[in-house]
Amino acid sequence: ASLQRALGAAYDVQCPQMPDEENAPYQAWKAEIETRLSALKGGVILVGHSVGASVLLKWLSQRRSAYPIAGLFLIAAPYWGGDAGWRYDGYEELELPRDMSARLSGTWPIVFYHSRDDDVVPFDHLALYAATLPRATTRASDARGHQFTNGLADVAEDIKTHGP
């Protein structure tokens, strides 16, 4: 709702209910993403939060489809695997490929947002993404927590600036 308000009527923000949200099974979420995208036309702006951001990154690094992506905006994204990322039982399938940067080549924007006071995903995960995806933009903030409860106006501005 915050993002829709900040973007205005020119954008149609959809926030699908994902299956088994507490466990975030990658295959089920991947299927939901593909089903939702198949019904859309034109360039799609993807916005993900936390594990949802991780799922979008994993899906984009594996996709073989031609869904036109216009931008990727990721909030409080955990970095799974690698030498410094998280490893948790049940989330192994979210580990990103080492060649993720090459797999996410293109001209569409990738922007990461992370708050220094995030009490769920360590702030240093933002630096891991910056090192892994040098073409991405990173935006650090203060006092927004994990949920970015004070709104997404900055995300909306970036979408308006970089999106279609």
*Using the heavy atoms of the protein chains and a 1.4 angstrom probe, tell me the accessible area per residue for region 1-135 in square angstrom.*
51
*Along the charge dipole of the chain, which of Tyr129, Gly52, Leu104 sits closest to the positive end, that is, farthest toward it, with unit charges on the beta carbon of Lys, Arg, Asp and Glu (+1, +1, -1, -1)?*
Leu104
*Tell me, what is the FRET efficiency for Glu93 and Gln17 to the nearest 0.05, using R0 = 25 angstrom and their Cβ-Cβ distance as r?*
0.75
_Eligible aspartates and glutamates near Lys41 by straight Cα distance, threshold 17 Å, same-chain separation 8 or greater_ = Asp12, Glu32
*Ignoring any ligand, DNA or RNA, what whole percent of the accessible area of region 7-164 comes from carbon and sulfur when the probe is 1.4 angstrom?*
50
*Report ³J(HN,Hα) in whole Hz for each residue of region 42-51, in order, from the Karplus equation J = 6.51 cos²θ - 1.76 cosθ + 1.60 where θ = phi - 60°; Gly and Pro get x.*
x, x, 10, 9, 9, 10, x, 10, 6, 4
_Can you order the peptides 4-17, 27-40, 121-134, 48-61 by their average number of other Cβ atoms within 10 Å per residue, highest first?_
48-61, 121-134, 27-40, 4-17
*asked:* Largest first, please: the extent of the C-alpha atoms of region 34-144 along each principal axis, to the nearest Å.
replied: 37, 29, 24
*When the chain is fully extended, how far beyond the present Cα-Cα distance does Ala10 get from Asp117, taking 0.36 nm per residue of separation?*
35.3 nm
*Near the amide H of Thr138, under 5 Å away, which other amide H atoms are found, from residues 5 or more places off or on another chain, if H is placed in the peptide plane?*
Phe112
_Under the Karplus curve 6.51 cos²θ - 1.76 cosθ + 1.60, θ = phi - 60°, whole-Hz ³J(HN,Hα) for region 136-143, x wherever Gly or Pro sits_ = 6, 9, 10, 10, 9, 9, 10, 6
_Set of lysines near Lys58 by C-alpha distance (under 16 Å), chain-local residues within fewer than 8 positions excluded_ = Lys30
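The values are calculated or read from the model by the stated rules, or taken from the named source; none is laboratory data. Bear in mind that the values here come from a model prediction, so they are computed numbers and not experimental data. As a convention, Cβ positions derive from the backbone with ideal geometry for all residues, glycine included, and neighbour counts pool all protein chains shown. Just so you know, the surface numbers come from the protein's heavy atoms only, side chains and all, with ligands and any DNA or RNA stripped out. Shrake-Rupley method; radii C 1.70, N 1.55, O 1.52, S 1.80 Å.
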